[in-house]
Amino acid sequence: PGHPPVVFRFEDSLREDAGAAVAAFRAAGLGVELLSGDAPEVVERVAAEVGIAAWEGGASPARKAARIAELAAQGRRVLMVGDGVNDAAALACAHVSAAPASGMDVAQAASDFVLQGGGLLPLAEAVERARRAQRVAAQNIGFAFLYNIVAVPVAIAGYATPLIAALVMASSSLAVIGNALRLEGGGRR
């Protein structure tokens with residue numbers, strides 16, 4: 001009694017690598033949007049700080065989920081990142097979703113995976129690794145198809161002995177495995 005009220009102001013801080021993660025996504029040709037339930041002026045400031053042109057503040061959980069559905073209807077595969085209760089519906093609707101380990105339990109439960117390190121840059125790295133894996137898988141399928149188009153008719157026609165056919169088949173398998181092992185070393189081809 002008799003004391004003036006005390007004002008407490010709370011402000012979330014950006015993750016240190018948020019700007020770098022946005023830049024990495026953009027460099028990979030991906031669009032980035034910021035949907036937040038926070039006040040529009042706060043969201044606008046944060047979006048400008050990390051380089052996001054498309055943003056929306058004051059977004060309800062239903063609006064976030066609706067935006068994910070809009071993007072999916074356009075044929076886009078959405079990666080949603082969220083950490084709160086109000087993100088759970090959108091996280092569940094996204095093609096792939098992630099929540100930081102510091103996020104709410106419900107956000108983590110709705111996500112496909114949980115970011116353990118506290119940063120966002122591993123998401124961009126995961127996208128790049130997934131793209132490399134897709135390219136290598138496509139190469140391996142092409143190689144296997146080519147092998148079958150050439151080697152199987154040669155073997156059926158009797159131009160290859162069973163030993164030669166087995167050696168060629170084993171060699172093709174080793175080539176596919178060797179190509180896939182390039183991913184472990186982080187090779188970019």
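Split the chain at each of the GluC sites (Glu not before Pro) in a DSSP loop with at most 13 other beta carbon atoms within 10 Å, and the longest piece is 17-183. Taking the Cβ-Cβ separation of ALA54 and ALA138 as r and a Förster radius of 35 Å, what is the calculated FRET efficiency to the nearest 0.05? The pair ALA54/ALA138 has a calculated efficiency of 0.70. Considering only LEU183, ALA21, GLY2, and ranking their Cα positions along the charge dipole of the chain that arises from unit charges at the beta-carbon of Lys, Arg, Asp and Glu, the one farthest toward the positive end is LEU183.
From the coordinates of this entry, Rg/Rh (Cα atoms, Kirkwood Rh) is computed, and it appears in [x] 1.21; [y] 1.02; [z] 0.99 under the label [x].
Ignoring the sites themselves, the chain has its longest run without chymotrypsin sites (Phe, Trp or Tyr not before Pro) in a DSSP loop having at most 13 other Cβ atoms within 10 Å at 11-158.
Among HIS95, HIS3, what's the order by accessible area (1.4 angstrom probe), most exposed first? Don't skip to the end; give the middle numbers.
On the way: HIS95 115, HIS3 155 Å².
In descending accessible area the options line up as HIS3, HIS95.
On the basis of the beta-carbon distance and an R0 of 25 Å, PHE8 and ALA66 show a calculated FRET efficiency of 0.15. Qualifying trypsin sites (Lys or Arg not before Pro) in segment 1-92, where qualification requires a DSSP coil assignment and no more than 15 other C-beta atoms within 10 Å, comprise ARG9, ARG76, ARG77. Each residue of segment 6-14 was assigned a 3J(HN,Hα) from its phi angle through the Karplus curve 6.51 cos²θ - 1.76 cosθ + 1.60 (θ = phi - 60°); the sequence is 9, 9, 10, 10, 10, 9, 6, 9, 6 Hz, with glycine and proline shown as x.
The values are calculated or read from the model by the stated rules, or taken from the named source; none is laboratory data. The structure presented is a predicted model; accordingly, all values stated were derived computationally and were not measured. Glycine gets a Cβ as well: all are built from the backbone with ideal geometry, and neighbour counts include every protein chain shown. Accessible surface areas use protein heavy atoms only, side chains included; no ligands, DNA or RNA. Shrake-Rupley method; radii C 1.70, N 1.55, O 1.52, S 1.80 Å.
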